[in-house]
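Worksheet: one structure, shown below.
The values are calculated or read from the model by the stated rules, or taken from the named source; none is laboratory data. Computed from a predicted model, the values in this text were never measured in an experiment. Backbone-built Cβ (ideal geometry, glycine too); neighbour counts: all protein chains shown.
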Amino acid sequence: MELILDGLVTALKLIFSLDRDVLEVTLLSLKVSCSATLASLFLGIPFGVFLALAAFPGRRFVISLVNTGMGLPPVVVGLFVTIFLWRNGPMGFLDILYTPLAMVMAQTVIATPIVTGITIASIQNLPANLKLQVRALGATRLQTVWILVRESRLPLLAAVMAGFGGVISEVGASIMVGGNIKGQTRVLTTATVMETGKGNFDVAIALSLILLSLAFGVNYLLTVIQQRERPR
Amino acid sequence: MSDTMPILQVEGLRIRRGGVKVIDLPRFSVAADQKVAVIGPNGAGKSSFLLGLACLIARDGGRISFNGSEVTQRDENAYRRQIAMVFQEPLLFDTTVLDNVAEGLRIRGKKRSEARELAMESLELFRIGHLAGRSAHKLSGGEAQRVSLARAFAVKPKLILMDEPFSSLDLPTRIVLAEDLGRILHESETAAIIATHDRIEALRVVERLVVMDKGTIIQEGRPSEVMENPVNAFVAAFRRTTGHTMK
């Protein structure tokens, strides 16, 4: 119990003194996870809308793959992204392994199926005849897609929350493709694992508190937007 | 029946849904300002007929001509921009009443301010101008269906298709709304086809009654003619109803 209390006190000191290392790790975490979430939205929303509205052979199989991907283990993603970016790997020429960019790539792979899966569910949950009503109003295909996405905006905010929540908290992929290099690729989760391993529980608790606060802060902001828009 | 030139002509319309033939219609036409009710039992093909006329479902064969020109697959969207369709459910968007009614105009490229101005006129036509700023998801059933009708009329369609628009409303609301709709249709000289189970909708609004069964027309004429010479038990029962929706 004393260990936890001491840890909490030190943690609060580190946070409120704006410790340079802690600040650096926090900012990089935010930068990497926000970039990955944005990239996954750009990829996942159009793909999800396509899968929800298009009819083609094998569609159910692809949707099953997406649903499976929603629970992709980060270490598996980390392994394959590492292989792809390895010196002799298919994308080795990019020379970005152990950089924040590689971490963004890995986190994007984790978040995209989550965003895609929630987008499919959101579009399919709209009233069955809504698409017909939009087309009856004279909308082109592109206008139809835009209006349906707009009508799904509240559930799509859940996709943003789930995507961000999935990547800000993952550690396996980040440590494998980033390497936890101080000042370059060290983020909150990888630093927490390292400090725990070294027995520095106070620092680990501080980092965990910041991680929890970030996850809560971003989700709180999105929830406020979602609930304000929601008809009562 | 109106003597003016047909605005809509259909020849040999055939539609299959889920592998089953649901529409097989040799000929059908509507004059430029004519109001037609399509009645028939459940499963008669009324909804598929309207969706087919709006080119919202694929057809197996047949020709649809609008204003004298054939509607090809390429022209379908341009054709839909000259007509409007109202469904059984209001299907309103998650925004204000005014923006809902303005949506069809925005889709046609009207500027926001102009679209809102025209939308407001349409709301006033249906006596719901006071609801303009309200969220569309906070309306009663009758109000929501009025908004849906106002949205359809806002684009000033030449033909309006309505698929049992009042079926989910209570009787007093249906009577008032049917009267308003009849008045607006006649004032605007818009052609209309209304699929219905309801004698109120059919007889207060239209001048021609079409009886449909098994995907084809089995009787048509002025409402009084059809009512006096019912072709089957459904029409006979329809004649006896006094405002209750027949199922």
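Inspect all residues belonging to region A:91-99 and state whether any of them is of a type in the set (S, T, N, Q), part of a loop (DSSP other than H, G, I, E, B) and over 30 Å from B:Phe93 (Cβ atoms).
Looking through region A:91-99, at least one residue is of a type in the set (S, T, N, Q), part of a loop (DSSP other than H, G, I, E, B) and over 30 Å from B:Phe93 (Cβ atoms).
Just to be sure I understand, how many residues within region A:127-139 are more than 7 Å from chain B (Cβ to nearest Cβ) and either modelled with pLDDT under 95 or crowded, with 22+ Cβ neighbours inside 10 Å (or both)?
2
Yes or no, residue by residue, for (1) buried (at least 19 other Cβ atoms within 10 Å of the Cβ); (2) within 27 Å of B:Ala44 (Cα to Cα):
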{"residue": "B:Val97", "(1), (2)": "yes, no"}
{"residue": "B:Gly104", "(1), (2)": "yes, no"}
{"residue": "B:Lys158", "(1), (2)": "no, yes"}
{"residue": "B:Ala178", "(1), (2)": "yes, yes"}
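Can you tell me which residue in region B:66-115 is farthest from the other protein chains (Cβ to nearest Cβ), limited to those that are touching a residue at least 60 places away in the same chain (Cβ under 8 Å) and small (Gly, Ala, Ser)?
B:Gly68
Taking the options B:Glu143, B:Glu179, name whichever one is at pLDDT 90 or above and farther than 25 Å from B:Arg80 by Cβ.
Going through B:Glu143, B:Glu179 in turn, just one is at pLDDT 90 or above and farther than 25 Å from B:Arg80 by Cβ: B:Glu143.
What are the residues in region B:116-152 that are within 13 Å of another protein chain (Cβ to nearest Cβ) and β-branched (Val, Ile, Thr), if any?
Passing the criteria: only B:Val147.
Residues B:Val30, B:Val36, B:Val20: which one is among the aliphatic types (A, V, I, L, M) and more than 18 Å from B:Ala191 (Cβ to Cβ)?
B:Val20
Checking the conditions here, which among B:Ala37, B:Ala58, B:Ala54, B:Ala102 is at negative phi, at pLDDT below 95 and in contact with a helix residue (DSSP H, G or I) (Cβ under 6 Å, 6 or more places away or on another chain)?
B:Ala37
Would you please name the residue that is surrounded by the fewest Cβ atoms within 10 Å (Cβ to Cβ), looking only at residues in region A:178-228 that are among the hydrophobic types (A, V, I, L, M, F, W, C) and part of a loop (DSSP other than H, G, I, E, B)?
It comes out as A:Ile181.
May I ask you to list pairs of residues, at least six apart or on different chains, whose Cβ atoms are under 9 Å apart, with the first in region A:73-87 being closer than 10 Å to A:Val177 by Cβ and surrounded by fewer than 22 Cβ atoms within 10 Å (Cβ to Cβ) and the second being at pLDDT 95 or above and charged (D, E, K, R)?
none
Search region B:180-224 for residues being touching a residue at least 12 places away in the same chain (Cβ under 8 Å) and among the acidic types (Asp, Glu), and hand back the single one that is surrounded by the fewest Cβ atoms within 10 Å (Cβ to Cβ).
Per the criteria, the residue is B:Glu189.
Which of the numbered conditions does A:Phe47 fail, given that it passes all the others? Conditions: (1) touching a residue at least 24 places away in the same chain (Cβ under 8 Å); (2) exposed (fewer than 14 other Cβ atoms within 10 Å of the Cβ); (3) among the aromatic types (Phe, Trp, Tyr).
Only one criterion in (1) touching a residue at least 24 places away in the same chain (Cβ under 8 Å); (2) exposed (fewer than 14 other Cβ atoms within 10 Å of the Cβ); (3) among the aromatic types (Phe, Trp, Tyr) is unmet by A:Phe47, namely (2).
What's the number of the only condition in (1) assigned to a helix (DSSP H, G or I); (2) crowded, with 18+ Cβ neighbours inside 10 Å that A:Ser64 fails to meet?
(2)
What number of residues within region B:153-195 are more than 14 Å from every other protein chain (Cβ to nearest Cβ) and aromatic (Phe, Trp, Tyr)?
Total meeting the criteria: 1.
Against the conditions (1) within 16 Å of the chain's Cα centre (by Cα); (2) within 14 Å of another protein chain (Cβ to nearest Cβ), where does B:Arg208 fall short? Just the number, please.
(2)
Can you give me the number of residues within region A:149-173 that are touching a residue at least 60 places away in the same chain (Cβ under 8 Å) and more than 10 Å from chain B (Cβ to nearest Cβ)?
Count: 15.
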